[in-house]
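Novice: This is the structure I want to talk about, given as structure tokens.
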Amino acid sequence: MPRTVAHLDLDAFFASVELLRRPELRGRPVVVCRDSPRAVVTTCTYEARAFGVRSAMPLSEARRRCPQAVLVDPDLDAYREVSAAVMAILREEIEAVEPAGLDEAYLELSELVSPRAAMRRIVARIADETGMRASVGIGPNKLVAKLASDMEKPAGFVVLDRRGAWRRLADGSPGVLPGIGPRTAEGLRERGVHTIRQLAAVSEAELVAWHGPRSGRWLWRRCRFDDDAAVLPHRDPVSESRETTFAEDLDHLPTMEEALLGLTARLCEGVRGGGWRGRTVGIKVRLADFTTVTRARTLPAAVDDEATIGRVACELLRAYAPAQPVRLLGVRLAGLVGEGEGPGGQLALPLDLPVAAGDGRSRGAGRDAAAPRVPGAGSADW
Ligand code: TTP
Ligand code: MG
């Protein structure tokens with residue numbers, strides 16, 4: 001069965017969010033980066049890229065290339081919220097959505113009569129409703145779609161088949177193929193393989209001899225732009241959290257509760273923005289000596305309201321009763337389900353089963369990656 005898959009990636013994501021609240025910076029080279037000697041650039045506007053500034057470049061180098069760049073501090077909470085709004089639009093429009101990061105997702109379009117029209121509509125909605133500009137790649141599989149979305153950024157819209165991908169990329173380095181990292185590319189170079197075309201000329205048996213059966217076969221298919229990976233909508237976030245480190249440690253319970261309620265308000269905005277509800281409310285507390293504990297409680301039904309989540313969070317904090325001043329507090333909602341999932345928003349799972357089972361993936365850039373598998377058990381990690 002021929003498939004149609006799209007990959008959508010927001011343009012200059014962190015920087016674009018910053019421009020929403022500081023429109024006076026539009027058209028200027030903006031670099032999102034902490035202002036410290038060892039900081040590296042998270043991203044920058046295309047105006048800054050014209051000067052050679054890039055993601056992951058040391059700030060000192062970015063400054064040298066573009067002294068007039070405007071530096072903006074990263075604000076991950078703001079990026080998460082915009083990300084949730086974009087993902088919510090994708091889920092409204094398309095059944096199978098696999099977020100692949102804060103600003104990118106794969107969409108399974110095989111069932112659609114007009115996948116291009118659907119993607120044009122989605123790009124327009126994202127622009128209207130969030131102010132973000134997106135680039136889209138459409139192809140027969142995830143690999144080609146991902147490569148295509150990157151080809152004509154910003155505001156790209158590239159439809160490509162495997163032959164087209166071959167025509168455009170065969171003479172490039174194998175390292176441009178997602179999944180082939182710098183070390184693999186370097187290893188291939190040492191064997192005289194500098195391009196995708198040269199890689200495709202190596203026999204499968206030889207690749208297996210070089211890289212073992214799994215990676216060898218995978219490489220053989222990869223350089224032919226062959227990929228049968230499914231779009232996995234269950235890679236939805238399993239949890240959402242907000243946390244903050246205080247300028248000065250807190251040592252009064254009422255002040256801590258106030259902070260937890262503030263975090264809960266921000267959490268709920270993000271959760272509702274993504275159309276989520278969750279059954280497990282958790283808190284994270286880091287004490288003055290850096291001891292970090294989490295506590296969680298699983299409720300009978302999924303919730304998204306500030307009052308309930310805030311109440312449970314404060315109860316968990318009072319029950320824990322921090323014995324030292326507190327330097328960080330966090331609140332977390334796990335076992336997330338989308339709107340309309342499960343009867344009355346409840347998960348179709350028995351109460352004592354791990355709600356957040358699976359691989360612990362979560363929304364965002366992996367800050368929640370180690371979600372506790374058994375709610376209520378607590379965990380050193382979030
Ligand atoms: P990307 O999609 O790679 O980059 P981008 O959206 O800024 O620019 P474009 O897609 O138009 O090329 O990454 C998404 C966000 O992830 C980016 O805005 C900032 C963050 N990020 C980092 O923090 N460090 C990095 O090294 C990279 C590549 C991205
Ligand atoms: Mg991007």
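The values are calculated or read from the model by the stated rules, or taken from the named source; none is laboratory data. Values in this document were obtained by computation on a predicted structure and should not be read as measured data. Neighbour counts are summed over all protein chains in view; Cβ atoms, including those assigned to glycine, are modelled from backbone coordinates with ideal geometry. The protein model used for the area step is the full one, side chains on, heavy atoms only, and it has no ligands, DNA or RNA in it. Shrake-Rupley method; radii C 1.70, N 1.55, O 1.52, S 1.80 Å.
Novice: Report the residue, chosen from PRO174, PRO182, PRO140, that carries the largest GNM mean-square fluctuation when the chain is represented by alpha-carbon nodes joined by springs under 10 Å.
Specialist: Comparing PRO174, PRO182, PRO140 in the GNM, the peak value goes to PRO182.
Novice: What value in Å³ per residue do you get for the convex hull of the alpha-carbon atoms in the chain? Walk me through the numbers on the way to the answer.
Specialist: On the way: hull volume 67.7 nm³, N = 382.
Taking only Cα atoms, the chain has a hull volume of 177 Å³ per residue.
Novice: Next question. Report the semi-axes of the equivalent ellipsoid for region 105-246 in whole Å, largest first, where each axis is √(5λ) for an eigenvalue λ of the Cα gyration tensor.
Specialist: Working: eigenvalues 201, 82, 46 Å².
For region 105-246, the ellipsoid semi-axes come out as 32, 20, 15 Å.
Novice: For region 1-154, max minus min Cα coordinate along each principal axis, in Å, sorted largest first?
Specialist: Largest first, region 1-154 extends 52, 27, 24 Å along its Cα principal axes.
Novice: Hey, any idea what % of the chain's accessible area is carbon plus sulfur with a 1.4 Å probe?
Specialist: So the carbon and sulfur contribution to the accessible surface is 51 percent.
Novice: For the chain, what does the helix formula give at 222 nm: sum of -39500 (n - 2.57) over DSSP H segments with n ≥ 4, over the residue count, nearest 500 deg cm²/dmol? Each step should come with its number before you reach the end.
Specialist: Details: 13 runs with 138 residues, N = 382.
About -11000 deg cm²/dmol.
Novice: Averaged per residue, what accessible area in Å² does the chain show with a 1.4 Å probe, protein chains only? Before the final figure, lay out the partial values.
Specialist: On the way: 18140 Å² over 382 residues.
Heavy-atom accessible area per residue stands at 47 Å².
Novice: Less than 11 Å Cβ to Cβ from LEU261, Lys/Arg counted +1 and Asp/Glu -1: what total charge do the surrounding residues give? Show your work: numbers first, answer last.
Specialist: Numbers: positive: ARG266, ARG311; negative: GLU257, GLU258, GLU306.
Residues close to LEU261 contribute a combined charge of -1.
Novice: Using all alpha carbons of region 256-307, what is the percent of pairwise distances in each 5 Å bin, ordered from the shortest bin to the longest?
Specialist: In whole percents, the pair-distance histogram is 5, 17, 23, 26, 16, 8, 4, 0.
Novice: Project the alpha carbons of region 94-184 onto their principal axes and report the range along each, largest first, in whole Å.
Specialist: The Cα atoms of region 94-184 stretch 40, 27, 22 Å along their principal axes.
Novice: Still on this structure, I have one more. Tally Lys/Arg at +1 and Asp/Glu at -1 over every other residue whose Cβ is under 11 Å from the Cβ of ALA62; what's the total?
Specialist: Details: positive: ARG49, ARG54, ARG63, ARG64, ARG65; negative: GLU61.
Here the count lands on +4.
Novice: From zero up to wherever the largest Cα-Cα distance of region 1-71 sits, split into 10 Å bins and tell me the percent of pairs in each.
Specialist: Spelled out per bin, shortest first, that is 21, 47, 19, 8, 5, 0.
Novice: Evaluate the Kirkwood expression for the hydrodynamic radius of region 171-263, namely the inverse of the mean inverse distance over all pairs of different C-alpha atoms, and round to one decimal in Å. Numbers along the way, then the final one.
Specialist: On the way: mean 1/r = 0.0583 Å⁻¹.
The answer is 17.2 Å.
Novice: A further question follows. So if the hydrodynamic radius of region 210-255 is defined as the Kirkwood radius over C-alpha pairs, what does Stokes-Einstein give as its diffusion coefficient at 25 °C and 0.890 mPa s, in µm² per second? List each step's numbers first, then the result.
Specialist: Numbers: Rh = 16.1 Å.
Rounded to a whole number, D works out at 153 µm²/s.
Novice: Between GLU190 and ARG162, take the C-beta separation as r, use R0 = 30 Å, and let me know the FRET efficiency to the nearest 0.05.
Specialist: Values: r = 28 Å, r/R0 = 0.93.
The value I calculate is 0.60.
Novice: Over the Cα atoms of region 272-336, how large are the radius of gyration and the largest Cα-Cα distance (Dmax), in Å?
Specialist: Final numbers for Rg and Dmax: 12.5, 37 Å.
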